[in-house]
Amino acid sequence: MKHGNKAVFYIFWLLLLSGCATVLLTGASGGVAYTITNVASKTLISPIDQVEYANRLALLKMKIRYIERRETENGVQIIAETNELNIYIDLKQITPKTTKIGVNAEKNIILKDRATAVAIIEQTEAMLGGS
């Protein structure tokens, strides 16, 4: 490999490992960002309390077990699970009427379930009425 190609290769991997790269997935409800750090996310135009309630309804609809709710510095973390997945849902208040939802669905430390993470966001948005 030539020196120029090595530099590009290493810069590419550095960006991937730092989590700077983002892939945009599209679904029925619009784009959901999915980062290299394996967290699907989307900003919703609803207050955090409404997003949290809608998320709870989405988890019930999807038959995902709600385990715990934790207060965080900028919002709430919800922990849920299925027989195969540990699910971490972060709700962060961006403004009083805007909330960012991030979902990390893990099979284990290495394997993630992108489809389930995106589905949780889409179902949460649907419970809000498609905001």
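Of the residues Glu84, Glu125, the single one that is under 20 Å from Glu68 (Cα atoms) and either in contact with a Phe, Trp or Tyr (Cβ under 6 Å, 6 or more places away or on another chain) or acidic (Asp, Glu) (or both) is Glu84. Condition test on Thr72, is it over 12 Å from Ile120 (Cβ atoms), among the hydroxyl-bearing types (Ser, Thr, Tyr) and surrounded by fewer than 14 Cβ atoms within 10 Å (Cβ to Cβ)? Criteria met by Thr72. Would you check which residues across region 38-80 are small (Gly, Ala, Ser) and either part of a helix (DSSP H, G or I) or under 18 Å from Asp113 (Cα atoms) (or both) and list them? Within region 38-80, Ala40, Ser41, Ala54, Ala58, Ala80 qualify. For region 83-115, residues that are assigned to a helix (DSSP H, G or I) and not charged (D, E, K, R) total 1.
Looking only at region 10-27, decide whether some residue is modelled with pLDDT of 90 or more and at negative phi. For region 10-27, residues modelled with pLDDT of 90 or more and at negative phi: absent. Mind listing whichever residues of region 97-131 are polar (S, T, N, Q), closer than 13 Å to Lys42 by Cα and under 15 Å from the mean Cα position of the chain (by Cα)? Passing the criteria: Thr99, Asn104, Gln123, Thr124. Every test in (1) at pLDDT 95 or above; (2) crowded, with 20+ Cβ neighbours inside 10 Å is passed by Ala105 save one, and that test is (1).
The values are calculated or read from the model by the stated rules, or taken from the named source; none is laboratory data. Fair warning: this is a prediction, and the values are worked out from it, not measured in the lab. Positions of Cβ are generated from backbone atoms using ideal geometry, with glycine treated the same way; all protein chains shown enter the neighbour counts.
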